[in-house]
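No lab work stands behind these numbers, since they all come straight from the coordinates. Because the structure is predicted, anything quoted here is derived from the model rather than measured. A quick note on method: Cβ atoms are made from the backbone with ideal geometry, for glycine too, and the neighbour counts reach across all protein chains shown.
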Amino acid sequence: MPFLAFDLSAFNGFDSDILLYIQEHIRCEFLDWIFPNITYLGDAGIFWIVLTAILMCFRKTRRAAFCSMFALIGSLLLNNIILKPLVDRVRPYEIYEGLVLIGKKAKDASFPSGHTAASVASAVALSFHLRKRWSIPLIIFALMISFSRLYIGIHHPTDVLFGIVDGLLLALIAWMIERRMNRSVVWYQRFTGEKREEQQEA
């Protein structure tokens with residue numbers, strides 16, 4: 001029996017009600033084009049990985065990039081490698097009568113939402129170092145990716161809710177790791193430019 005399967009099945013009524021409501025009252029031709037494309041940007045964390053790589057190229061945004069990188073690695077390890085196989089939750093379109101999946105079926109387990117966790121983890125981690133005019137749109141986009149998983153019917157709402165909480169915690173841990181490195185690791189200080197700025201001020 002999959003770990004936690006009984007506990008999560010208790011939420012099936014709540015989950016199915018939300019997914020069927022979205023299908024019946026929110027889905028439309030325009031959004032049927034928008035949200036599958038938004039969810040595609042979250043596949044394998046590609047948007048966040050590319051953004052992190054770009055930010056790594058500039059000294060002023062390297063701390064933000066490292067923070068995001070730590071958060072994404074944490075999400076991969078915790079969610080995709082540990083929790084998904086451990087919990088092994090069935091996808092909602094396989095068990096909720098009447099729910100129609102938009103797009104292709106997933107090959108892995110449902111819980112938690114890896115798209116959500118990675119997106120929230122990276123966006124929030126970046127927000128610790130980026131200005132609000134950049135961090136707020138990124139957080140909004142992360143939440144849009146999260147909702148897209150419900151819109152297309154590939155995740156239970158509880159998968160997404162856990163992914164949001166999970167992502168927030170991973171972002172906080174990533175920020176703590178990055179801050180500690182910035183205080184005590186010389187090569188890191190030099191790479192991010194912190195050491196150079198301290199010397200110039202002195």
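Can you find even one residue in segment 50-68 that is of a type in the set (G, A, S) and either surrounded by fewer than 17 Cβ atoms within 10 Å (Cβ to Cβ) or closer than 17 Å to H115 by Cβ (or both)? Looking through segment 50-68, at least one residue is of a type in the set (G, A, S) and either surrounded by fewer than 17 Cβ atoms within 10 Å (Cβ to Cβ) or closer than 17 Å to H115 by Cβ (or both).
Looking across segment 153-172 at every residue that is closer than 19 Å to L20 by Cβ and surrounded by 23 or more Cβ atoms within 10 Å (Cβ to Cβ), the one that is nearest to the chain's Cα centre (by Cα) is identified as V160. Applying the set (1) assigned to a helix (DSSP H, G or I); (2) out of contact with any Phe, Trp or Tyr (no Cβ under 8 Å at 6 or more places or on another chain) to S119 leaves exactly one unmet item: (2). The residues on offer are D108, D17, D88, and the sole one that is in contact (Cβ under 8 Å) with a residue 40 or more places away in the chain and among the charged types (D, E, K, R) is D88. Search segment 111-132 for residues being under 18 Å from F58 (Cα atoms) and free of Cβ contacts under 8 Å to residues at least 60 places away in the same chain, and hand back the single one that is surrounded by the most Cβ atoms within 10 Å (Cβ to Cβ). Restricting to residues being under 18 Å from F58 (Cα atoms) and free of Cβ contacts under 8 Å to residues at least 60 places away in the same chain, the top hit is S127.
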